[in-house]
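What follows is one structure encoded as structure tokens, with my remarks underneath.
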Amino acid sequence: MKNNNQLYYSLAPSRGKGARRAEKGSFLFFLLAVLIGFTSCSDSEEGEYTLTNSIKIVSQNVSDMPVKASEGTIVVEAPSAIDATASSDWFTTSVSGKTITVKTTDNTGLEYRSGKITVKSGNDVTEVAVIQKGAIVSVEASNLYLDDAKADLQIPYVTNLDFKCYTAEDWITCKAKDGILSLSVAENATGHLRSGYVYYEAGSVKDSIFVQQCEIAKDLLGEMLLVYYDAKIGDYKALNAEFVASTDTAGVTSYALVLTDYRLIIPVSFKEKTNTITLSAGQYIGKFQEYSIVTMLFDANTGGTTTNDKDSMSGSFFYDSDDDATYLEFADNGTWGGENKATSLILTAYDKNGTSAGNLFALHFPYLMK
């Protein structure tokens, strides 16, 4: 058996002739590498070889294309025939000699859009960006609230697309030309308010202008019905009412809904521009027999009530041609807040001690009809 030293030496690499020949071969390989390195350095000193693209863009006008369908060109310089490929389907390319023709479609969106053209000649490739403007549409009107007199209006608009307008109303005409939307509104002699729309389009942008004609004294004030759902009988009922206005010596006009059969006066606010009535909770509206009557709002879904005079419900007048009637539907306007939404007007009775004696009327889902 060999001892440990003998085992160690038997595993050590041989230093015989074969090993010396391997060392000599490695040395020759090293010398060859050094010589190659010197040759490379020499070539570097004379000048490095740089790859150059043989395709040159001489001119182009496709980086700011108009929003409407149009045509642009790219002129290139190349040693051989060229080929051009479009990256998107909203523009096409065609090649004639060294000129590339680019044709875009209408950009009906509001945002710029971009793509690229890949130009090939032999083994060389280059790219050119194609950028098209987005649509611009701006009309300086939204809702028009007019009196009953004949009116001619000039509404400016700005767009880089074809602009057109139309209306279904026989009392409105419209025309769009040179950045002006001209509206002609006939006199309203119907005896009620009327409203309609003027529609306009530019590319994929479609919108409308609301037009309403109304004079409060002629079309809204006067007798009407306060209709409501009576939960006790499961049907709708109505109270005779009158919408009235009075102006004090300072020129301030106040409005009210009068329940004529009960001589109860519900003070309301009225916004003439939108023909909107707002009625509030916590309002004393008169006496019925020996009881004082106060308004309270109710949420039919949560059962919540409020007599806070900051809480209210509102509605705007509109005309229904099928019924030949003018309506105003009261609904929650967000002033109550929280989880409660005003659905009902409760007329609550209080005795002389301020104790609730029950409800005179519970007007669920109330609306006016004239």
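The values are calculated or read from the model by the stated rules, or taken from the named source; none is laboratory data. Just so it is clear, the model here is predicted, and its values are computed rather than measured. Methodologically, a virtual Cβ is constructed for each residue, glycine included, from the backbone with ideal geometry; neighbour enumeration extends over all protein chains shown. Note: areas computed on protein heavy atoms with side chains; ligands, DNA, RNA excluded. Shrake-Rupley method; radii C 1.70, N 1.55, O 1.52, S 1.80 Å.
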Name the one entry in ASP124, ASP207, ASP162 that is over 30 Å from SER316 (Cα atoms) and exposed (fewer than 15 other Cβ atoms within 10 Å of the Cβ). ASP162
Residue in the stretch 178-203 that is surrounded by the most Cβ atoms within 10 Å (Cβ to Cβ), counting only those that are aliphatic (A, V, I, L, M) and part of a strand (DSSP E or B): VAL198
Screening VAL130, VAL119 for residues that are over 30 Å from the mean Cα position of the chain (by Cα), part of a strand (DSSP E or B) and surrounded by 15 or more Cβ atoms within 10 Å (Cβ to Cβ) leaves only VAL119
For residues that are in a strand (DSSP E or B) and touching a Ser or Thr at 6+ places or on another chain (Cβ under 6 Å), scanning just the stretch 59-89, find the one that is surrounded by the fewest Cβ atoms within 10 Å (Cβ to Cβ). THR85
Sort out which residues of the stretch 251-265 are among the hydroxyl-bearing types (Ser, Thr, Tyr) and under 13 Å from GLY286 (Cα atoms), and write them in order of number. THR260, TYR262
Name the single residue that is surrounded by the most Cβ atoms within 10 Å (Cβ to Cβ) among those in the stretch 347-370 being outside any strand (DSSP E or B) and in contact (Cβ under 8 Å) with a residue 40 or more places away in the chain. LYS370
For the stretch 292-345, give me each residue that is open to solvent by less than 40 Å² (accessible area, probe 1.4 Å) and out of contact with any strand residue (DSSP E or B) (no Cβ under 8 Å at 6 or more places or on another chain). GLY337
Matching residues, the stretch 90-116, being in a strand (DSSP E or B), touching a Ser or Thr at 6+ places or on another chain (Cβ under 8 Å) and of a type in the set (S, T, N, Q): THR93, SER94, THR99, THR101, THR104
Scan THR101, THR92 and give me the residue that is modelled with pLDDT of 95 or more, under 45 Å from the mean Cα position of the chain (by Cα) and open to solvent by 60 Å² or more (accessible area, probe 1.4 Å). THR92
Suppose the filter is under 27 Å from SER316 (Cβ atoms), among the β-branched types (Val, Ile, Thr) and part of a strand (DSSP E or B); does ILE155 pass it? yes
What about ASN53, is it modelled with pLDDT of 90 or more and open to solvent by 60 Å² or more (accessible area, probe 1.4 Å)? no
Selection from the stretch 167-177 of residues that are of a type outside the set (Val, Ile, Thr) and surrounded by 14 or more Cβ atoms within 10 Å (Cβ to Cβ): GLU169, TRP171, CYS174, ALA176
Residues that are of a type in the set (Asp, Glu) and assigned to a strand (DSSP E or B): does the stretch 309-329 have at least one? yes
Residues that are open to solvent by 60 Å² or more (accessible area, probe 1.4 Å) and more than 23 Å from CYS214 (Cβ to Cβ): find the strands (runs of 3 or more DSSP E) completely inside the stretch 234-283 holding 3 or more of those. 235-247
